[in-house]
1. Keeping to pairs on different chains or 8 or more places apart, tell me how many lysine pairs in region A:3-116 have Cα atoms under 20 Å apart.
2. In region A:1-106, which GluC sites (Glu not before Pro) are in a loop and have at most 13 other Cβ atoms within 10 Å, using DSSP for the loop call?
3. Please list B:74, B:4 in order of solvent-accessible area, largest first, computed with a 1.4 Å probe with all protein chains present.
4. Considering only protein heavy atoms, with the full assembly of protein chains and a 1.4 angstrom probe, order B:86, B:24 by accessible area, largest first.
5. Hey, quick one: spin label on residue A:16, modelled 7 Å out along Cα-Cβ, who in region A:78-98 has an amide N within reach, i.e. under 15 Å?
6. Just to confirm a number: summing +1 for Lys and Arg and -1 for Asp and Glu over residues other than residue A:21 whose beta-carbon lies under 14 angstrom from that of residue A:21, what do you get?
7. Loop-only trypsin sites (Lys or Arg not before Pro) in region B:36-114, please: DSSP not H, G, I, E or B, and at most 13 other Cβ atoms within 10 Å.
8. Mind checking B:39-51 for the average number of partner chain beta-carbons within 10 Å of each residue's beta-carbon?
Amino acid sequence: AQTVTQSQPEMSVQEAETVTLSCTYDTSESNYYLFWYKQPPSRQMILVIRQEAYKQQNATENRFSVNFQKAAKSFSLKISDSQLGDTAMYFCAFMKQVGGATNKLIFGTGTLLAVQP
Amino acid sequence: GAGVSQTPSNKVTEKGKYVELRCDPISGHTALYWYRQSLGQGPEFLIYFQGTGAADDSGLPNDRFFAVRPEGSVSTLKIQRTERGDSAVYLCASSPGGGDTEAFFGQGTRLTVV
């Protein structure tokens, strides 16, 4: 069974600064995907960034980037130039690759990020 | 619709009652997922539909929980004999299927069993 661990229940960062959220996972699979989702108070989960395990290059999406260490099973999220709108719960998630189909997500317990003005 | 729609947004029910939660996925999305999110936790997988059939229902906690998707679009999560421990936010997500891994989530239904 796969597990996802987020060891930081809460984080705080000043506006315009950089913050890194940690995530580790455990799996015996060799093909999988990793995701970071953002959940604001509206409850709707929003995809921030995703990483295919077979790709060595770290994914980036504007101010968001990841540090993917496959051997260490680590997948951290770096947010640069933090903005007040980044305040939310952030969830790390794992998806096993099953042929060419989508599959269920396994989520961590989340990190509550507060961006301070 | 433009996104995944879940109704109702909030539902309060008495212990022992039956409830139905509805999910309207993005048009054309063949894959549909239900998750349950308890307070302070990450979402937990309940069931996954590919088209009309349940491809994986391993997350349903017991036989009080059942879900259908009769026409491969709208899905209904049904909970019988509700218990206070069923109180949670129930999230629905859909994805295009095939090789596209992005799941689009609705805003969830907050179920409170009193």
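1. 11
2. A:15, A:17, A:29
3. B:74, B:4
4. The ordering from most to least exposed comes out as B:24, B:86.
5. Only A:80-84 pass the distance filter.
6. Its environment carries a net charge of 0.
7. Taking region B:36-114 and a limit of 13 other Cβ atoms within 10 Å, the loop trypsin sites (Lys or Arg not before Pro) found are B:81.
8. 4
The values are calculated or read from the model by the stated rules, or taken from the named source; none is laboratory data. Owing to the predicted nature of the structure, the values given are computational and were not obtained by experimental measurement. Please note: Cβ atoms are built from the backbone with ideal geometry, for glycine as well, and neighbour counts cover all protein chains shown. Ligands, DNA and RNA are excluded from the accessible area calculation, which covers all protein heavy atoms including side chains. Shrake-Rupley method; radii C 1.70, N 1.55, O 1.52, S 1.80 Å.
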